[in-house]
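J.: Okay, here's the structure, questions in a sec.
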Amino acid sequence: MGEYGVGQSVPREEDPYLLRGAGRYVDDMGEARMLRGYVLRSPHAHARIRSVDVAAAKAMPGVALVLTGNDPAVTALGTQKPNQPRKRRGGEAAFACSQLALARDTVRHVGEPVAFVAAETLNQAKDAAEAIAIDYETLPAVPTLEEATKPGAQAVWDKCPDNVAFVHEAGNKPAADAAIAQARHVIRHRMRINRLTTNAMEPRGAIAEWDARDGRLTLRVTAQGPHQFRRFLATDVFKIPETRIRVIAENVGGGFGMKGGLYPEYILCCLAARLTGAPVKWIGERSESLLVDEHCRDNITEAELALDADGKFVGFRARTWANLGAYYHADRSAGPPTNNIGVLSGTYVIPAQHVEVNGTLTHTMLTGPYRGAGRPEAAYVLETLVDLAARELKVDPAELRRRNMIPAAAMPHKTALVYTYDCGDFGKNLEDCLVLADYAGFVKRRAESERHGLLRGLGIASTVEASNAGLIEHAEIRFDPTGTLTVFVGTHDHGQGHQTTFRQIIAEKFGVDPSRIAFRFGDTDQIMIGTGTFGSRSTACAGTAMLMAADKIIAKGTKLAAHMLEAGEHDIEFKNGRFAVAGTDKSVDLAAVARDAFVPAKLPKGMEPGLYETGTFDGGQRTYPNGCHISEVEIDQATGEVTLARYTAVDDVGHMVNPLLVEGQLHGGVAMGVGQALLENMVYDGSGQVVSGSFMDYAMPRAHDFCDFRLGENEVPTKLNPLGVKGAGESGTVGALASLMNAVNDAMAHIGAEYVQMPATPEKIWKAIQKAKS
């Protein structure tokens, strides 16, 4: 396919219209008679609601509806519940606590919805919300893991007195305990993994419309998985058939995992639309986003890495306390710290491992998936211990990794924690990255930095992650009577470039001009089924589903072409968009076959007219993107400021459908990892109030915080899907977090300073430097 085939660096087709402001986001849309929704939120982290008086609010101009938690229409709503069975430490079922659309008698985090107002204008809705009188009895709060896990801590829920909703374990505890007990060297470390929030460019929003004639709800929303939203709304919340709900998600300005959750505001818009008979629109403001968009990370991990006399890893053990927030009401909070435990095996041979995760409740906003969803945290834990071990044993960090790395010849490799890697050449990633980063020249660069009064550090991270699997994905290919075609997929494009990538796949498969291919996604009335976009799954899952549908198209086209060419079906070959009779010059192109497929008189006897097929993929098995990332930093000893001086990475994301888009995904992922390591931090004070509630206090990375990235690739295609792809969306974050923190602490260790936890802010670093000097 020339410059548009698989493997070509085709620029994203989506960018021009988005940059011209022609995107269709939720806030761009409006309906006749549309009401504006506003949420009144709790100012307290923990309080009992004694009374709510809405009489004044209901009487205000323009107000169409005021809802509170005890209204019959609200109490009739269902709630989501965790589906994954989990246990508490004593063996009893996990403590599940559903989040209501509006709080009834108790609020458990700042920003929790307490009332919802729908009015003719947004300002009228805000004015009415201010007129609602609520009598709160404030209660003690436990906003941090440290507070929630203390003996005798305040319980977030009375029925869960220790605040641990579940305990999840993986690995072989007796084997890990024995290996650590008998090891020559044991490296122990406690890591605080900071809490973040996504800060997507587009705030969350929704427009709900109720069709009274058909008894049908339409929700236009900022969603990463419209089909999942439809299912949750139908089965969990409103208890109606899925056919009575339509969910539309067109352009979405950044998701990163956070926009995969069904939030209370969306449910309230739907309910308000049904009650008023008018469309209802809610758009979150940035101050709301920082409070009540799902937060993420926020773990404490105590881990141990055991080594023998030769520096070989013999055992690993970790215990994590993962902050779920105030509610364990779905699988989203539990997913990141439990689903990706396997990343703690890394790229190394570690014979014995055991991990325990304690899902902990606090008086904070719920946590959920965020780019990497547990993989960056796990990679950070393991790679930190590897660097600490190298320092303790006085072994070069690259050599220690080399000594313990799983060889390519050992694939497939079953780790001691969950995963079986099907393929990969981890050693080549390391060696290629060391060369690309000029590892050998680091000593000279460090000396040069020191001549200017700067500390310089280098950090390596050799990481492997896993894509999501086992969730179905659907695609449909429809030719029309003119010979052009439309591709429909159940995944969602919110910045990944699917329109470009998926067109490349179909253009090459069919040998057709990409301009003849239309692409559709994000509307549950157009696409039968789907799961969504998250966990680096889309190209593997939707791409496979597309190829399944394409193969059915070609199979039917072969029968029709044989009839058109008056040849035996077994003599027909399909290549470069044409069906040809083998050994002859007789051929017909796919477009002509598609046109004839809609003319009954031209069809073989018994053939159904038309040319359209579907493919539904079962999600397959996990794939394992992997890579090596090397960061170099300079630290100003006078201020503690960290400068990212060099960044190098070599990644294996499998076969690259579009190398340019892969590079863009890696750039974005690295930026998010650097942001967490150096800048971003969601902070609650002792009473549960959010301290970092604006961009004056929540530090976001900017362009000047980065250097040029040197990227290399090491393509090792997987055989677990026909495209050979592994996934690229999260690799950058997984590698960046660990390598950058290793670089910072390598610089600090050079002067004997103590370990600096994330985020490595100038204040923390300056204090550690002063302490080391004293």
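J.: What is the sum of charges around Lys173, taking Lys and Arg as +1, Asp and Glu as -1, for the other residues whose C-beta is under 13 Å from the C-beta of Lys173?
T.: That sum, taken over residues with Cβ under 13 Å, equals -2.
J.: When ranked by the protection proxy of mean other Cβ atoms within 10 Å per residue, highest first, what sequence do the peptides 325-335, 227-237 form?
T.: The peptides rank, most packed first, as 325-335, 227-237.
J.: Which whole-number percentage describes the relative contact order of the chain, with Cα contacts under 8 Å and a sequence gap of 6 or more?
T.: Value for the chain: 16 percent.
J.: Which whole-number percent is the relative contact order of region 82-239 (Cα, under 8 Å, 6+ apart)?
T.: 15 percent
J.: Just to be sure I understand: if I project the alpha-carbon convex hull of region 1-107 onto a plane and average over all orientations, what area do I get in nm²?
T.: Reported value for the Cα convex hull: 15.6 nm².
J.: Here's something else I'd like to know. With no solvent and one point on each alpha carbon, what is the Debye value of log10 I(q)/I(0) for the chain at q = 0.05, 0.10 Å⁻¹?
T.: -0.28, -1.07
J.: Find, to one decimal place in angstroms, the Kirkwood hydrodynamic radius of region 414-559, where the mean of 1/r is taken over every pair of different Cα atoms and then inverted.
T.: On the way: mean 1/r = 0.0523 Å⁻¹.
About 19.1 Å, per the Kirkwood formula over Cα pairs.
J.: Under a point spin-label approximation (7 Å from Cα along Cα-to-Cβ), what is the Thr584-Lys719 distance to one decimal in nm?
T.: That separation, rounded to one decimal, is 3.8 nm.
J.: What order do you get for 514-523, 574-583, 654-663 when each peptide is scored by the mean count of other beta carbon atoms within 10 Å, highest first?
T.: Ranking the peptides 514-523, 574-583, 654-663 by packing returns 654-663, 514-523, 574-583.
J.: 7 Å from Cα along Cα→Cβ at both Gln8 and Asp177: what's the point-to-point distance in nm?
T.: 6.1 nm
J.: Here's a follow-up. Would you mind giving the average projected area, over all directions, of the Cα convex hull of region 595-665 in nm² with one decimal?
T.: Working: hull surface 39.6 nm².
For the Cα atoms of region 595-665, the hull's average projected area reads 9.9 nm².
J.: If you count the DSSP beta bridges with both ends in the chain, what percent of them are antiparallel, to the nearest 5? Spell out each step's value before the answer.
T.: Details: 104 of 129 bridges.
Beta bridges within the chain, antiparallel portion: roughly 80 percent.
J.: Of all beta bridges DSSP finds with both residues in region 216-370, what is the antiparallel percent, to the nearest 5?
T.: 40 percent
J.: Quick check: residue separation of Gln689 and Ala56 times 0.36 nm, minus the Cα distance between them. What number comes out in nm?
T.: 225.1 nm
J.: Let me ask something else about it. Looking at the calculated P(r) for region 508-567, what percent of the C-alpha pair distances fall above 14 Å?
T.: 71 percent
J.: Please list the non-local residues whose amide H lies under 5 Å from the amide H of Leu139, H modeled 1.01 Å from N, same-chain partners needing a gap of 5 or more.
T.: For Leu139, the qualifying residues are His46, Ala47, Arg48.
J.: Turning to a different aspect of this structure: For region 591-655 and region 709-773, write down the distance between their C-alpha centroids in whole Å.
T.: 25 Å
J.: Another question, if that's okay. Taking Rh as the Kirkwood radius computed over C-alpha pairs, what is the Stokes-Einstein D of region 321-380 at 37 °C in a medium of viscosity 0.692 mPa s, expressed in µm² per second?
T.: Value of D from the Cα-based Kirkwood radius: 268 µm²/s.
J.: Which entries of Lys81/Lys281; Lys394/Lys771; Lys159/Lys764; Lys159/Lys414; Lys150/Lys394 show an alpha-carbon separation above 30 angstrom in the structure shown?
T.: Numbers: Lys81/Lys281 26 Å; Lys394/Lys771 24 Å; Lys159/Lys764 39 Å; Lys159/Lys414 40 Å; Lys150/Lys394 37 Å.
Long pairs (Cα-Cα over 30 Å): Lys159/Lys764; Lys159/Lys414; Lys150/Lys394.
J.: A further question follows. For a quick protection proxy, order the peptides 479-486, 317-324, 439-446 by their average other-Cβ count within 10 Å, most packed first.
T.: Values: 479-486: 17.2, 317-324: 24.2, 439-446: 14.1.
Those peptides, ordered most packed to least, come out 317-324, 479-486, 439-446.
J.: Rounded to the nearest 20 Debye, what is the dipole magnitude of region 1-66 about its Cα centre when Lys and Arg each give +1 and Asp and Glu each give -1 at the C-beta? Don't jump to the answer; show the numbers that get you there.
T.: Working: 9 positive and 8 negative charges, 140 e Å.
For region 1-66, the charge dipole is close to 680 debye.
J.: Then there is this: Among DSSP bridges having both ends in region 182-290, what percentage is antiparallel? Round to the nearest 5.
T.: On the way: 10 of 14 bridges.
About 70 percent, rounded to the nearest 5.
J.: If each of Glu130 and Asp310 carries a label point 7 Å out from its Cα toward its Cβ, how far apart are those two points in nm?
T.: It is 7.4 nm.
J.: Further question: What net charge do the residues around Arg503 carry, taking every other residue with its C-beta under 13 Å from that of Arg503, with Lys and Arg at +1 and Asp and Glu at -1?
T.: Local charge sum for Arg503: -2.
J.: Further question on the same structure: Taking the full set of protein chains and a 1.4 angstrom probe, give the accessible area of Ile460 in square angstrom, rounded to the nearest 10.
T.: 0 Å²
J.: Multiply the residue gap between Asp523 and Glu566 by 0.36 nm, knock off their C-alpha separation, and tell me the result in nm, one decimal place.
T.: Net length gain for the segment: 11.3 nm.
J.: Which residue, Asn339, Leu565, His354, has the largest displacement toward the positive end of the dipole of the chain when charges sit on each Cβ (Lys, Arg +1; Asp, Glu -1)?
T.: Farthest along the dipole direction, towards plus: His354.
J.: Using a Förster distance of 35 angstrom, determine the FRET efficiency expected from the C-beta separation of Thr486 and Ile240, and round it to 0.05.
T.: Computed FRET efficiency for Thr486 and Ile240 comes out at 0.75.
J.: What is the Cα radius of gyration of region 635-774 over 2.2 N^0.38 Å, N being its residue count? Intermediate results must be reported in sequence, preceding the final value.
T.: On the way: Rg = 18.0 Å, N = 140, 2.2 N^0.38 = 14.4 Å.
In units of the globular-protein estimate, region 635-774 measures up at 1.25.
J.: Excluding Gly664 itself, calculate the net charge of residues whose Cβ lies under 11 Å from the Cβ of Gly664, where each Lys or Arg counts +1 and each Asp or Glu counts -1. Kindly include the intermediate steps, with their values, before the conclusion.
T.: Numbers: positive: Arg12; negative: Asp15, Glu663.
Taking every Cβ under 11 Å from that of Gly664, the sum is -1.
J.: Using every pair of alpha-carbon atoms in region 164-313, split the distances into 10 Å bins beginning at 0 and state the percent of pairs per bin, rounded to integers.
T.: Reading upward from the zero bin: 10, 28, 21, 15, 13, 9, 3, 0.
J.: Based on the Cβ-Cβ distance of Lys159 and Glu302, what FRET efficiency does E = 1/(1 + (r/R0)^6) give at R0 = 22 Å, to the nearest 0.05?
T.: 0.20
J.: So if R0 is 41 Å, what FRET efficiency would Arg24 and Arg402 give, r being the distance between their Cβ atoms, rounded to the nearest 0.05?
T.: Taking R0 as 41 Å, the efficiency between Arg24 and Arg402 is 0.20.
J.: Hey, another quick one. Roll a 1.4 Å probe over the protein chains and send me the accessible area per residue for the chain in Å². Walk me through the numbers on the way to the answer.
T.: On the way: 29380 Å² over 774 residues.
For the chain, the per-residue accessible area is 38 Å².
J.: Would you kindly state how much longer the chain becomes between Asn70 and Val435 on full extension, computed as 0.36 nm times their sequence separation minus their alpha carbon distance, in nm to one decimal? Each step should come with its number before you reach the end.
T.: Working: separation 365, 0.36 × 365 = 131.40 nm, distance 6.46 nm.
So the chain would gain 124.9 nm between Asn70 and Val435.
J.: Separation of region 457-514 and region 13-83 by C-alpha centroid, Å?
T.: Taking the Cα centre of each part, region 457-514 and region 13-83 sit 34 Å apart.
The values are calculated or read from the model by the stated rules, or taken from the named source; none is laboratory data. It should be emphasised that the depicted structure is a prediction, and the values quoted were computed from it without experimental measurement. FYI the Cβ positions are ideal-geometry reconstructions off the backbone, even for glycines, and counts take in every protein chain you see. Heavy atoms of the whole protein, side chains included, go into the accessibility calculation; ligands, DNA and RNA do not. Shrake-Rupley method; radii C 1.70, N 1.55, O 1.52, S 1.80 Å.
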